[in-house]
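Below is one structure, written out as structure tokens; the observations come after it.
The values are calculated or read from the model by the stated rules, or taken from the named source; none is laboratory data. Owing to the predicted nature of the structure, the values given are computational and were not obtained by experimental measurement. No Cβ is skipped: glycine too gets one built from the backbone with ideal geometry, and neighbour counts run over all protein chains shown. Please note that ligands, DNA and RNA were not included when accessible areas were found on the heavy atoms of the full protein model with its side chains. Shrake-Rupley method; radii C 1.70, N 1.55, O 1.52, S 1.80 Å.
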Amino acid sequence: MLATHEYANDLILFALIVDCGSFSKAAESAGITSSVVSKRIGRLEKSLGARLLYRTTRSLTLTENGQALYQQAKEIGAKVQEALYAVSEKSEELTGTIRMSVPTISGELLLSESVAEFCAQHPSLKVEMRLENRFVDLVEEGIDLAIRTGTMPDSSLIARPIFDSRWVIVCSPGYLESHPEPRCAEDLLGHNCLTYTYQESGTANWLMKRPGRNEIYELQVNGNLSANNARAIRKAVIGGHGIAMVPRCMVYEDLQDGKLTEILAGHCGKVLGIYAVYPYTRNLPLKTRLLIEHIIGSYQNIGHYF
């Protein structure tokens, strides 16, 4: 059996390998050789008596045991980082500049204020924040940190999960006064569905599910207005011009105030992950680490919006 501290080190390395997607990238990030990585994972598997990874020249796959261990290993690494941050935040002054890219909805709803608060706590630090919906090339454009919503296909980046963003189908009370309320997903085909073009599944393909089931399917809706700005769609829906599928966080207050009504609750199958994304680096700068932690806390404070 390994000593406790050796287990902890190897578990943190195991989680890094999974996040990086390869032994070589994990080795580069950790500042060690690939052979050392292989030896330590082999040692961990031998001590546990369980295979954790299936490894080929092109892919890395978690075994069932590996999948069960991964989240626990991530939590160990996070706890270690939190302990270090707690000391570092008090002992070091943050300086320099952080360049970041964030989605427009999150930027307007939460991040502008959150980042401003962080800058107020660290007056020698400057943050340059760009609100944009495109997936920027972080390395090419010199971006230190991005907040992204959606899937994370780029394996050359580290993506730290923050929150899941649930979408809802909404319309105005006035719209329902002059149109029959949809009772099933197929009823949407007889309505004017306003579409948000910034979505992975396609402009008019809404991700739906049957209540109580997990299977997701696409429903191709029809409508006379589409826009690449979700707030433009929100205004049109509040005006009674149709039905839309939008992020719940964006219309949470409208739902509370009665300006909008959620329809077909349980039928919307769209949930997108929100991630803090940054390039691979051996030592993520303290200022970036602390900003990520601050942003995560801000999301948690308004978790009910999502």
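Quick rundown of the values:
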{"read-out": "Residues being more than 14 Å from the chain's Cα centre (by Cα), among the aliphatic types (A, V, I, L, M) and assigned to a helix (DSSP H, G or I) - total across region 275-306", "value": "3"}
{"read-out": "Looking only at region 1-15, and only at residues there that are modelled with pLDDT under 85 and of a type outside the set (A, V, I, L, M, F, W, C), the one that is farthest from residue 50 (Cα to Cα)", "value": "5"}
{"read-out": "Region 92-110: number of residues that are within 25 Å of residue 251 (Cβ to Cβ) and touching a helix residue (DSSP H, G or I) at 6+ places or on another chain (Cβ under 7 Å)", "value": "4"}
{"read-out": "Matching residues in region 208-232 - criterion: being over 13 Å from residue 168 (Cα atoms) and buried (at least 17 other Cβ atoms within 10 Å of the Cβ)", "value": "219, 221, 223, 227"}
{"read-out": "Residues satisfying the stated conditions in region 287-302, i.e. touching a residue at least 12 places away in the same chain (Cβ under 8 Å) and within 18 Å of residue 165 (Cα to Cα)", "value": "292, 295, 296, 298, 299, 300, 302"}
{"read-out": "Complete set of residues in region 115-130 that are over 16 Å from residue 276 (Cβ atoms) and of a type outside the set (D, E, K, R)", "value": "116, 119, 120, 121, 122, 123, 124, 125"}
{"read-out": "Residue selected from region 122-153 under the condition open to solvent by 70 Å² or more (accessible area, probe 1.4 Å) and touching a residue at least 40 places away in the same chain (Cβ under 8 Å), by the criterion nearest to residue 97 (Cα to Cα)", "value": "139"}
{"read-out": "Region 282-306, residues that are in contact with a Ser or Thr (Cβ under 7 Å, 6 or more places away or on another chain), open to solvent by less than 60 Å² (accessible area, probe 1.4 Å) and over 30 Å from residue 186 (Cβ atoms)", "value": "286, 294, 295, 298"}
{"read-out": "All positions within region 54-77 that are among the charged types (D, E, K, R) and under 15 Å from residue 12 (Cβ atoms)", "value": "74, 75"}
{"read-out": "Residue in region 255-269 that is outside any strand (DSSP E or B), free of Cβ contacts under 8 Å to residues at least 12 places away in the same chain, open to solvent by 40 Å² or more (accessible area, probe 1.4 Å) and of a type in the set (S, T, N, Q) present", "value": "yes"}
{"read-out": "Qualifying positions in region 187-201 - surrounded by fewer than 20 Cβ atoms within 10 Å (Cβ to Cβ) and at pLDDT 95 or above", "value": "187, 189, 190, 191, 192"}
{"read-out": "Looking only at region 19-54, and only at residues there that are of a type in the set (A, V, I, L, M), open to solvent by 40 Å² or more (accessible area, probe 1.4 Å) and in a helix (DSSP H, G or I), the one that is nearest to residue 74 (Cα to Cα)", "value": "30"}
{"read-out": "Test: residue 68 is more than 25 Å from residue 25 (Cβ to Cβ) and either surrounded by fewer than 16 Cβ atoms within 10 Å (Cβ to Cβ) or at pLDDT below 85 (or both)", "value": "no"}
